[in-house]
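Everything on this sheet refers to the single structure shown next.
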Amino acid sequence: MSDGSYPAPAHGAAGDEGAAARSAVVVGGGLAGITAALALADAGVRVTLLEGRPRLGGLAFSFQRGELTVDNGQHVYLRCCTAYRWFLDRIQGAALAPLQDRLDVPVVDVAKPEGRRLGRLRRDALPVPLHLGRSLAAYPHLSLAERAAVGRAALALKGLDLADPTLDTQDFGSWLAAHGQSARAIEALWDLVGVATLNAVAGDASLGLAAMVFKTGLLSDPGAADIGWAHVPLGELHDRLARKALDSAGVRTEVRTRVTSVSTNENGTWSVQVPGERLETDAVVLAVPQREAHDLLPAGTLDAPEQLLRIGTAPILNIHVVYDRTVLARPFFAALGTPVQWVFDRTAASGLGAGQYLALSQSAAQDDIDLPVAELRERYLPELERLIPGTRGAEVQDFFVTRERTATFAPTPGVGRLRPGARTKAPGLYLAGAWTATGWPATMESAVRSGVSAADAALSALGRPRPRHLFEFEEAA
Ligand SMILES: Cc1cc2nc3c(=O)[nH]c(=O)nc-3n(C[C@H](O)[C@H](O)[C@H](O)COP(=O)(O)OP(=O)(O)OC[C@H]3O[C@@H](n4cnc5c(N)ncnc54)[C@H](O)[C@@H]3O)c2cc1C
């Protein structure tokens, strides 16, 4: 097939109420694909969702390990993640993944020989940026001068225009240094938030993506950075409840069904090949990771498909430790002066009967991702003893790790121009995935936004007016 040779799809006119139900195949049952499938089905399209693995949820899933239900990686979202919140509502899961009433992050520093020091990042009921002023002024992990410099940099960040494409050509670390941020301020504040949200240290992150995260999360609405997380296993939300919502929306969902090729037909419809079956459809949404999308895209459907292969990936490691007793009274905390980044109490969500189960979420984990479990154990258990006095003397009943080597796309400077939008050059073929051009880093929010964008583009091409009530998060964003 040559460039630009795609026939127009054989659809009814836009808004043609009498037209037979249009059909769509969504490839990939991660959050992007589930969202696209739901949005299309809600608009009256006949949808088939195909997922290669035995479960839905993609990169955010759970598995069983004895009596424990384990998440492959701790996931959190923020109040400003309006698309993911829409998704939670849509699958009737919002109550299972509640938000904090008000941002409150305990930050434990063990760098100093005199011992542990606790600080807090929390907000007041004041307008932006005063909502964080008191917390920053009292933040014990920075000197007075560093706190003042952080305030000045935050205001400079607030003034950046996210639509300016040159932001994506610079790295965040250099920008912070140029705005008077010490190495300590970067470690104790900017990277504390940035590594967890961007999956890269400031020096490796695009200023455009970093500015987007900090402006949206900390400098827009006072409550924007309030944190939410699943109080149940991720699989309960992204697999079981998502599947229930898809079923009631009339979506045909097939798991263990890997798509091997996608091609267009003479009349502008599409064929999707899976082992033993060929599906004919009006539209296809490819909601798979960028490398798989590259391999499935028919020739000529993107101007520069090889760019997808230039989008790098970054790892996240989770370290799981089960103690014989309760060692930590908080639901989570962040750590400084240690390789440990964020620690979450997963006991209740995992179904553990006795003792306590902690999960360490280690982002931008390039140095650790391939270390043997024994080495990680030797390295991290003593760090937990420094951070959590209650672990000293407690018995470790289980220690294991989950490694996601391609957890996110790498948010490096320049990545912005590699990320394609939902539309391809071929009418009827759309892209979704956290890695597409949503403006967000690789997050659940980005995945859901991409699914909505792809569904939106498909709906206008299918002549199905987009129901206004579907994507209210756009108005709220
Ligand atoms: C350990 C870890 C921690 C994270 N923490 C956070 C966090 O705290 N907050 C946050 O917002 N985000 C977090 N993320 C990122 C978030 O999970 C992802 O951005 C999001 O889930 C991506 O969804 P997606 O639908 O775009 O892609 P995926 O989840 O990758 O879904 C793509 C799906 O396509 C399927 N597929 C691929 N090829 C085919 C084929 N040929 N046929 C059929 N199916 C196919 C795959 O099996 C997969 O299910 C984390 C990710 C990881 C791994």
Checklist entry - Of all the residues that make up the range 222-281, how many are open to solvent by less than 30 Å² (accessible area, probe 1.4 Å) and at positive phi? => result 1
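Quick one: would you say Glu395 is more than 16 Å from the ligand (Cβ to nearest atom), assigned by TED's automatic domain parsing to the domain that holds Leu358 and charged (D, E, K, R)?
yes
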Item to check | Residue check, Leu352 touching a strand residue (DSSP E or B) at 6+ places or on another chain (Cβ under 7 Å), on the phi < 0 side of the Ramachandran plot and in a loop (DSSP other than H, G, I, E, B) | outcome: yes
Next on the checklist: Given the options Leu241, Leu189, Leu209, name the one that is touching a residue at least 24 places away in the same chain (Cβ under 8 Å) and more than 30 Å from Gly28 (Cα to Cα).
Outcome noted: Leu189
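Could you pull out the residue among Ala60, Ala21 that is assigned to a loop (DSSP other than H, G, I, E, B) and within 8 Å of the ligand (Cβ to nearest atom)?
Ala60
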Next on the checklist: If I filter the range 201-218 down to residues being among the aliphatic types (A, V, I, L, M) and under 19 Å from Ser446 (Cα atoms), which single residue comes out as nearest to the ligand (Cβ to nearest atom)?
Outcome noted: Val213
Checklist entry - From the set of residues in the range 161-200 that are within 20 Å of Ser446 (Cβ to Cβ), open to solvent by 60 Å² or more (accessible area, probe 1.4 Å) and of a type in the set (A, V, I, L, M), which is nearest to the ligand (Cβ to nearest atom)? => result Leu162
Next on the checklist: For the range 296-305, check the following and say yes or no: at least one residue is without any contact (Cβ under 8 Å) to a residue 24 or more places away in the chain, within 21 Å of the chain's Cα centre (by Cα) and at negative phi.
Outcome noted: no
Checklist outcome for this item: Taking the range 355-389 and keeping residues in a loop (DSSP other than H, G, I, E, B) and crowded, with 16+ Cβ neighbours inside 10 Å leaves Gly355, Ser363, Ala364, Ala365, Asp368, Ile369, Leu371, Ile388
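Residue-wise test of (1) surrounded by fewer than 18 Cβ atoms within 10 Å (Cβ to Cβ); (2) in a loop (DSSP other than H, G, I, E, B); (3) outside the structural domain of Ala354 (by TED's automatic domain parsing).
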| position | (1), (2), (3) |
| --- | --- |
| Arg85 | no, no, no |
| Val108 | no, no, yes |
| Pro127 | yes, yes, yes |
| His131 | no, no, yes |
| Arg134 | yes, no, yes |
Item to check | Which numbered condition Ile311 fails, given (1) hydrophobic (A, V, I, L, M, F, W, C); (2) touching a Phe, Trp or Tyr at 6+ places or on another chain (Cβ under 6 Å); (3) under 17 Å from Asp368 (Cβ atoms) | outcome: (3)
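The values are calculated or read from the model by the stated rules, or taken from the named source; none is laboratory data. Since we're looking at a predicted model, the values are computed, not measured. Note that we place each Cβ from the backbone using ideal geometry, even for glycine, and neighbour counts take in every protein chain shown. Ligands, DNA and RNA are excluded from the accessible area calculation, which covers all protein heavy atoms including side chains. Shrake-Rupley method; radii C 1.70, N 1.55, O 1.52, S 1.80 Å.
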